[in-house]
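The values are calculated or read from the model by the stated rules, or taken from the named source; none is laboratory data. Computed from a prediction, not measured in an experiment: that's the story for all the values here. As a convention, Cβ positions derive from the backbone with ideal geometry for all residues, glycine included, and neighbour counts pool all protein chains shown. What goes into the accessible areas is simple: the full protein's heavy atoms, side chains included, and nothing from ligands, DNA or RNA. Shrake-Rupley method; radii C 1.70, N 1.55, O 1.52, S 1.80 Å.
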Amino acid sequence: MTDLRHSPLHDRHVALGAKMADFGGWSMPIEYPGGGVVAEHTAVREAVGLFDVSHLGKARVSGRGAAEFVNACFTNDLRRIGPGQAQYTMCCTESGGVVDDLIQYLRSDEDVFLIPNAANTGRVVELLAAAAPDGVLVENLHEDYGVLAVQGPRSDEVLARLGLPVDHDYMSFVETEWEGRPVIVCRTGYTGERGYEVVPAWDVAASVWDALLEAVRAEGGLPAGLGARDTLRTEMGYPLHGNDLSLDITPVMAGAAWAVGWDKETFWGKEALAAERAAKAGRLMRGLVVTGRGIPRPHCAVQDASGGVVGEVTSGTFSPSRKQGVALALLDRSVTLGDEVRVDVRGREVTATVTKPPFVEAGVRTS
């Protein structure tokens, strides 16, 4: 992994004996010794888990009219939120494909902080910089900040042990300090559970991790790798860029039209997406719950009762919470909720029921 980039916590993961792998060009922990993915997944659902997601990108758009400019580029409508709030959005091509899905933090009309996916940060920054008007600065801050996710029903107790703010609204953030250093605490996450993402400066991320990990363990939790992050997000039906969103899978197809400001005057890809939405012709993202044995994986063909191919799995995993296979799949519009389909898993037919995610109940919006 010598060519991979390292998070500011890399040495911490190695010392813990984590299994490391390539995520978007970064060497990141998949799981830790002492239970692995299932134990880490269960800790997040029942207590609390701590993730290093510092591989995620960070960028800033600032200057007069910065928020207005960002709003004219990305799909969601920043006018729906105010300063101190965050919003899920997408960066699309003019043909409607998704370059990336990301979180935008609205600091003010002149300051927007962005967290794109690791592998797509450079492209998002490049597109914004090329389109930015005079007076608007676009900065790639990928290695200026770490990102630590505290997720699970005991997240508040963990942050309180460090004196960090809790109890602010879902998808809102507070800019505060920890031991005299600036830190952003946002009530967001990718697990479906109540939780926070803590964004410290790169050079203090390891100290924040140490303090958070001590608090997490005191609350009966565990450090968690990106393996558990994937099973948790799949149980919630949350999309992963490159699987469930891509240059070929639009927000309309992915069931993410709710994150599009259709009434905005403009955004990248608006014309193509509006036409696609009106045509009601393409495949749609649905959930699949396996009724027998088998675990659907990406690119597995989905067939109807007569054996005709009606779609393809985009994400699939074993659900530790349900103890059965679950998946997201792009399916023909002729397939409806409640239908029984067959998934071709390595040449073996696995029966599944079409359903609407999430596949489990979680406490993401509890107050």
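Remarks
- Atom-type composition of the exposed protein surface of the range 124-170 places 44 percent of the accessible area on carbon and sulfur (1.4 angstrom probe).
- Projecting the Cα positions of Gly269, Leu141, Tyr238 onto the charge dipole of the chain (unit charges on Cβ atoms of Lys, Arg, Asp and Glu, taken about the Cα centre) puts Tyr238 furthest along the positive direction.
- Residue-averaged 222 nm ellipticity for the chain, from DSSP H runs of 4+ at -39500 (n - 2.57), nearest 500: -6000 deg cm²/dmol
- Aspartates and glutamates with Cα under 17 Å of Lys270, excluding same-chain neighbours fewer than 8 positions away: Glu68, Asp77, Glu94, Asp100, Asp101, Asp248
- Cα-centre dipole for the range 184-309 with unit charges at Cβ (Lys and Arg positive, Asp and Glu negative), debye to 20: 460 debye
- Across the range 324-335, computed HN-Hα scalar couplings (Karplus, 6.51 cos²θ - 1.76 cosθ + 1.60, θ = phi - 60°) run 7, x, 9, 7, 9, 8, 8, 10, 4, 5, 6, 8 Hz from first to last residue, x flagging Gly and Pro.
- Within the chain, longest stretch clear of exposed trypsin sites (Lys or Arg not before Pro) (DSSP loop, no more than 15 other Cβ within 10 Å): 65-279
- Dividing the radius of gyration of the alpha carbons in the chain by their Kirkwood radius gives 0.97 for Rg/Rh.
- Cα pair distances exceeding 14 angstrom across the range 6-90, given as percent: 74 percent
- What a 1.4 Å probe finds exposed on the range 261-344 is 47% carbon and sulfur by accessible area, rounded to a whole percent.
- Solvent exposure of the chain as accessible area per residue, Å², 1.4 Å probe: 42 Å²
- With both labels modelled 7 Å from their Cα along Cα-to-Cβ, the Ser95 to Asp263 distance reads 3.2 nm.
- Taking the Cα centre of the chain as reference, the dipole from Cβ charges on Lys and Arg (+1) and Asp and Glu (-1) amounts to some 1080 debye.
- Proximal charge balance of Ala201 [Cβ under 14 Å; K/R count +1, D/E count -1]: -3
- Mean separation of Cα contacts under 8 Å (6+ apart) over length of the range 41-146, as relative contact order %: 36 percent
- Taking a Cβ cut-off of under 13 Å around Val335, the surrounding Lys, Arg, Asp and Glu residues balance to a net charge of 0, with basic ones at +1 and acidic ones at -1.
- Largest-first ordering by accessible area, 1.4 Å probe, given options Glu68, Glu175, Glu312, Glu276: Glu68, Glu175, Glu312, Glu276
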